1. How about region 311-415: which helices (runs of 4 or more DSSP H) wholly inside it have at least 3 residues that are near the ligand (Cβ under 10 Å from one of its atoms) and either buried (at least 19 other Cβ atoms within 10 Å of the Cβ) or aliphatic (A, V, I, L, M) (or both)?
2. Has region 389-399 got at least one residue that is among the hydrophobic types (A, V, I, L, M, F, W, C) and touching a strand residue (DSSP E or B) at 6+ places or on another chain (Cβ under 9 Å)?
3. Could you please tell me which pairs satisfy a Cβ distance under 8 Å, a separation of 6+ or placement on different chains, a first residue in region 147-159 that is modelled with pLDDT of 90 or more, and a second residue that is assigned to a loop (DSSP other than H, G, I, E, B) and open to solvent by less than 50 Å² (accessible area, probe 1.4 Å)?
4. Looking at residue 305 and the list (1) modelled with pLDDT under 95; (2) over 18 Å from residue 400 (Cβ atoms); (3) of a type in the set (A, V, I, L, M), which single condition is not satisfied?
5. Being surrounded by 12 or more Cβ atoms within 10 Å (Cβ to Cβ) and of a type in the set (D, E, K, R) is the filter; apply it to region 185-200 and report the residue that is farthest from the chain's Cα centre (by Cα).
6. Check residue 241 against each of (1) assigned to a helix (DSSP H, G or I); (2) within 30 Å of the chain's Cα centre (by Cα) and name the one condition it does not meet.
7. For region 217-253, give me the residue count where each residue is open to solvent by less than 40 Å² (accessible area, probe 1.4 Å) and among the small types (Gly, Ala, Ser).
Amino acid sequence: MVETRRDVTTEAEADNTLTARVKHLARPLGVGSVMAVAAVPAGLEPWQAIVGYAAFAAGLLAWPSGKAAKQSRAAGQSDKVAQTDFAVVEALDLPTVVFDADTLVLRQNAAARSLVGAYPERASLSARIRSPAILDLVARVMARGVPESVEHAERVPSERWHEVRVAPVAGNPVSGSQLYVLTFRDLTEARRMDRMRTDFVANASHELRTPLASLMGFIETMQGPARDDEAARIRFFAIMLDQAQRMARLIDDLLSLSRLEMRAHVAPDGQVDLGRTITHVVDSLRPMANDLGVEIQLSLPDKAVTISGDVDELIQVFSNLVENACKYGQAGKRVEVTVADTDSEGAQVTIQDFGPGIAKEHVPRLTERFYRVDVETSRTKKGTGLGLAIVKHILTRHRARLIIRSTPGEGSTFIVKFNPAE
Ligand code: ADP
């Protein structure tokens, strides 16, 4: 640890002060004796003159010692200030480095140690921070004396952005040297959110634009070349309805997501009978499954499984998962839905299909908005690419987890795990 210069009274300094005070006193005492003798003709007893003068001399002795005490108190306080300042720096979670006018690092907190590495004692700032942009910033602030910041990006080991700020410490009472504070504000999360938002808007616009372009194309065709072609018009109307429904599904899913985001921090407060909810979902999806030639097998535990949750949202979750299993796992011709509950593990719902499965590299990304293994397959199956993103949002709000296991060629298993009851 690097020591700063401190303004305290040492023992030698205290000795010197004492000698000076004694010297200081010798002269007034001499003068006092002369005055005592001189006081006799003035009608005062010599002892009265000596006592009076002794009081005066004691005042003189006390005055410099009071001043020295004040100085030493001030030194003690500034020492405390130094320690408190540094303790404050240490407590901050903002990576912070304090350095002096020679760019020697006096203090770095734990957050800075883990970001840039620990500085050896009295090391120069550039021993750990080598970015020319940051070192230029330091030089500018030292030259101009006003705070400034720059944005700093790192690509290795992972992409990170920081706002790096350097500011002079105003009225520094601790050290003779001017101090400077360098801080790193992490912008990585904000940047990631910005990028996600931009990607999301771009994706949503693209998804809407495709059916819209198709609709406009058909309208123009019917106004022009197909104006009098009755058979073509009937065919085109069917396609247009399909495209309009696709847009409606997309808008419904986008609204669903935005509503869920608004309620993300409010825990659901209803009670849901899982067995009844799943039975309802499976019953309503059976006609669709029959059309696809898929049989849904439902297995429920003997006793009712009740969890805290929002029944409409959970219906949305299980509908999405069972519908996906039927659509994408159609080739397996069978989907198994199982509800289980154990005291230690909590309730869980498993939806298993025996279709083509999902390659390993896609599995971690399936819950991203608009992520699809194959866009065309998803479109032909009336997918929007938002189903699993909605599922994930709802489950997060329910403090439940989605586990996806898949073996290409054998099928996929989607498990919804609820927390055990408290
Ligand atoms: P979509 O609207 O496209 O169905 P989802 O978010 O529900 O969007 O699913 C994302 C992608 O995950 C799908 O496009 C599909 O590629 C894949 N997927 C989801 N469920 C299954 C499944 N049971 N078997 C194979 N692939 C699946």
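1. Answer list for region 311-415: 311-328, 387-397.
2. Among the residues of region 389-399, at least one is among the hydrophobic types (A, V, I, L, M, F, W, C) and touching a strand residue (DSSP E or B) at 6+ places or on another chain (Cβ under 9 Å), which makes the answer yes.
3. If the second residue must be assigned to a loop (DSSP other than H, G, I, E, B) and open to solvent by less than 50 Å² (accessible area, probe 1.4 Å), the pairs left are 151/187; 152/131.
4. (2)
5. So, considering only residues that are surrounded by 12 or more Cβ atoms within 10 Å (Cβ to Cβ) and of a type in the set (D, E, K, R), the one farthest from the chain's Cα centre (by Cα) is 199.
6. The number of the failed condition is (2).
7. Count: 4.
Each row is one residue, and each column tells you yes or no for (1) in contact with a Cys (Cβ under 8 Å, 6 or more places away or on another chain); (2) farther than 24 Å from residue 300 by Cβ; (3) among the hydroxyl-bearing types (Ser, Thr, Tyr).
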residue: 338; (1), (2), (3): no, no, yes
residue: 343; (1), (2), (3): no, no, no
residue: 367; (1), (2), (3): no, yes, yes
residue: 370; (1), (2), (3): no, yes, no
residue: 415; (1), (2), (3): no, no, no
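The values are calculated or read from the model by the stated rules, or taken from the named source; none is laboratory data. Quick caveat, the model's predicted, so the values are computed rather than measured. Counting neighbours? That spans all protein chains shown, and the Cβs are built from the backbone with ideal geometry, glycine included. Heavy atoms of the whole protein, side chains included, go into the accessibility calculation; ligands, DNA and RNA do not. Shrake-Rupley method; radii C 1.70, N 1.55, O 1.52, S 1.80 Å.
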